[in-house]
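The values are calculated or read from the model by the stated rules, or taken from the named source; none is laboratory data. This one's a predicted model, so the numbers in the text were calculated from it and none came from an experiment. Backbone-built Cβ (ideal geometry, glycine too); neighbour counts: all protein chains shown. Heavy atoms of the whole protein, side chains included, go into the accessibility calculation; ligands, DNA and RNA do not. Shrake-Rupley method; radii C 1.70, N 1.55, O 1.52, S 1.80 Å.
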Amino acid sequence: MRTGFPDFRLGSVLATSFTGTLSERHGTPVERIPTPQRLIDWLAVYGLAVDSCTTAQLEFARELRESIHAAATAAALQDSLPASAVHVINDHSTRGRAAAILTPEGGRRWQLGDPASGVEDALGVIAADAIAVIAGERDGKLALCASPTCRAAFFDTSRSRTRRWCDMNTCGNREKKARFYASRRMNHTAKQ
Ligand SMILES: [Zn+2]
């Protein structure tokens, strides 16, 4: 789907995929949900389809996103959680009225409340996911991306817990390329 907007980075963990809709926080930030429609598109990918989204709801979503990012970063560093971030996450979690539905095939889907509050309900699901991850209820470990311009908090579910980048295709690749060119330069200098 070509939309003229930055592509989504789709991870398997809802909460940290959501924080990944803003990347390069320590470089030149890339906003991947710049418009309400892009938030609608992103939510649909994660089974949280909503009919509409207002500018205010988009702002609300970004507030939750940055709060999850702040709390997850603190958790990864084993710092105490910022109180304001905890407050925002809990506020969204209690406000949402989504229900988990067991499908006949044995899967799970989310049923959101009435159309006007769809975004709030979807954000409630994301907030609850963030709580599960930060509280250490899920199998994995919060870590920070090794890229100095990124430093995104991600959830490492690798067996060895040694994943270094939030996203292999972007941050990981860039770092590998940088190392490759640096080593070529070094070889070149050594030959002279
Ligand atoms: Zn990264």
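Just a few scattered comments:
- A single entry from Arg108, Arg174, Arg185, Arg164 fulfils the requirement of being open to solvent by 40 Å² or more (accessible area, probe 1.4 Å), within 19 Å of the chain's Cα centre (by Cα) and on the phi < 0 side of the Ramachandran plot: Arg164.
- Residues that are under 23 Å from Ala100 (Cβ atoms) and either in a loop (DSSP other than H, G, I, E, B) or at pLDDT below 95 (or both) within region 53-70 comprise just one, Cys53.
- Residue in region 37-52 that is within 16 Å of the ligand (Cβ to nearest atom), more than 21 Å from Gly113 (Cβ to Cβ) and not in a loop (DSSP other than H, G, I, E, B) present: no
- Qualifying position, being in contact (Cβ under 8 Å) with a residue 12 or more places away in the chain and under 17 Å from Gly20 (Cβ atoms), among Ala98, Ala75: Ala75
- Cβ pairs under 8 Å, 6+ apart, first in region 156-171 and of a type in the set (Val, Ile, Thr), second modelled with pLDDT under 90 and in a loop (DSSP other than H, G, I, E, B): Thr157/Ser12; Thr170/Arg9
For every residue, the table says whether it meets (1) among the hydrophobic types (A, V, I, L, M, F, W, C); (2) open to solvent by less than 30 Å² (accessible area, probe 1.4 Å).
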position	(1), (2)
Glu31	no, no
Thr35	no, no
Trp42	yes, yes
Ala56	yes, no
Ala61	yes, yes
Ser67	no, yes
Ala72	yes, yes
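- Of all residues in region 74-84 being among the small types (Gly, Ala, Ser) and in contact with a helix residue (DSSP H, G or I) (Cβ under 7 Å, 6 or more places away or on another chain), the one that is surrounded by the most Cβ atoms within 10 Å (Cβ to Cβ): Ala75
- Some residue of region 114-127 being in contact with a strand residue (DSSP E or B) (Cβ under 8 Å, 6 or more places away or on another chain) and open to solvent by 30 Å² or more (accessible area, probe 1.4 Å): no
- The residues of region 122-156 that are closer than 29 Å to Arg95 by Cα and not hydrophobic (A, V, I, L, M, F, W, C), listed by number, are Gly124, Asp129, Gly136, Glu137, Arg138, Asp139, Gly140, Lys141, Asp156.
- Against the criterion of being buried (at least 20 other Cβ atoms within 10 Å of the Cβ), within 14 Å of the chain's Cα centre (by Cα), more than 23 Å from Arg163 (Cα to Cα) and not acidic (Asp, Glu), Leu48 does not qualify.
- Of all the listed residues (Thr73, Thr16), the sole one being modelled with pLDDT of 95 or more, in a helix (DSSP H, G or I), in contact with a strand residue (DSSP E or B) (Cβ under 6 Å, 6 or more places away or on another chain) and under 12 Å from Ile126 (Cβ atoms) is Thr16.
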